[in-house]
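Just below is one structure, and these are the notes that go with it.
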């Protein structure tokens, strides 16, 4: 089945808002095995929106609209879709009651009349209750096609899609679709593709799709089957072959597991505690770790030692090392990692020092030079990296490589 995404809102065209909804929905649709050939963004204009609706219905089985369901006059998605599809609007008493209950304890002393616009739904629509906002989601069915209208705010759209739209779409599929994610770190996208070229060239069912992330490559293996068992049987050998080819570069085969989650999982498995010692990353590594539920079981402390004085004071980096080799050096990174372990009496420490730019580089030590060290149970590993890009990119790549080095060092220790 072919699905199309339509994002509605002039603010999207002006760049005032980053459209994360499209990325989320595209990934969800891919997991369902739906084919997607078009993604469209259109402003709050009735004529242009109507044209988009008509075009989408000509080429797609399912059209998902996001945005334009609010109470103001320029929120036109529902009205235009209903008009194009020939569906009159009628007041839905259940939705009106839900809106009233949602707003009665809000900042409004009286509910503005324009909010009742959101209680008007197209005839025959499937109404999806939105517990996080006033605009309900709507499914408009016409023959073998479905038009799905979702509110724009991600805090409303994501749960609404996962809880109500995803199950609806899953039932539309004549076959069972099963996807398995394989997440790889430390190998570039082109190298991953090169090593999998024989599998990709031969693919029919299952298929392999690659997604490049910052410092990572994600592979989605998708199979169609008569039932869940058949689809699983088809994906299993392909996933196994990918794991065999990339070994420890594979950090997870779980859709929801991030790199930091994989690191915390390993720390918990081997009952280890960890400390971070950061210079150019300024606490970003610690932030990634503590975002993981259960991190309090393993995370001991985080040092941001931006200056040489801080490196000496908190991590016991020697004055002679800093003078001889400099703050951005293999030697300093090593002493930072060891110092972090001793300062907090923990089992592991990952340390980062580098030149994020745009200033501070030299011919000997250019911008983007980063040293990362991991100390696990007394064994220290130091890696040198030369990252490209702006300051944010350098720091982001350093965080990913630091988490990955910590992960690999733990695996090496307990191999």
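Derivation of every value follows stated rules applied to the coordinates shown; laboratory data play no part. All figures in this text were calculated on a predicted structure; none of them were measured in a lab. Note that each Cβ is placed from the backbone with ideal geometry, even for glycine, and that neighbours are counted across all protein chains shown.
Mean sequence separation of contacting Cα pairs (under 8 Å, at least six apart), scaled by the length of region 176-252, corresponds to a relative contact order of 45 percent.
Our note on the geometry: Cα centres of region 26-84 and region 157-180, 18 Å apart.
Over region 349-415, the alpha carbon radius of gyration divided by the compact-protein estimate 2.2 N^0.38 Å works out to 1.18.
Hey, what did region 82-208 get for relative contact order, percent, Cα under 8 Å, at least 6 apart?
15
Between 31, 310, 277, the GNM of the chain built on Cα springs shorter than 10 angstrom shows 310 fluctuating the most. Taking other C-beta atoms within 10 angstrom as a stand-in for reagent exposure, 24, 387 fall in the order 24, 387, fewest first. Mean-square fluctuations from a GNM of the chain, with a 10 angstrom spring cutoff on Cα atoms, peak among 282, 302, 326 at 326. Once you reduce region 109-131 and region 344-415 to the center of their Cα atoms, the two points are 52 Å from each other. Comparing 325, 158, 314 in a Gaussian network model of the chain (Cα springs below 10 Å), the most mobile by mean-square fluctuation is 325. Need one word for the chain: rounded, prolate or oblate. Basis is the Cα gyration tensor (sqrt eigenvalues a ≥ b ≥ c); a/c below 1.5 gives rounded, then a/b vs b/c decides. Judged from the Cα gyration tensor, the chain comes out prolate (a/c at least 1.5, a/b above b/c).
Would you work out if region 1-80 is rounded, prolate or oblate? Take a ≥ b ≥ c from the square roots of the eigenvalues of the alpha-carbon gyration tensor; rounded if a/c is under 1.5, else prolate when a/b is larger than b/c, oblate otherwise.
Verdict is oblate for region 1-80.
By how many degrees, 0 to 90 and rounded to 10, does the Cα axis of helix 259-269 deviate from the longest principal axis of the chain? Between the helix axis and the principal axis of the chain, the angle is about 60 degrees. Looking at region 259-413, the DSSP beta bridges with both ends there are about 60 percent antiparallel.
Going by alpha carbons, how many degrees (0 to 90, nearest 10) lie between the helix axis of 93-103 and the longest principal axis of the chain? Between helix and principal axis, roughly 40 degrees. Rounded, prolate or oblate: which one fits region 302-415, using the alpha carbon gyration tensor with axes a ≥ b ≥ c (rounded when a/c is under 1.5, else prolate when a/b beats b/c, else oblate)? Note, shape of region 302-415 comes out oblate.
Entry note, the chain: the mean residue ellipticity at 222 nm calculated from DSSP H runs of n ≥ 4, each adding -39500 (n - 2.57), is -12000 deg cm²/dmol after division by the residues and rounding to the nearest 500.
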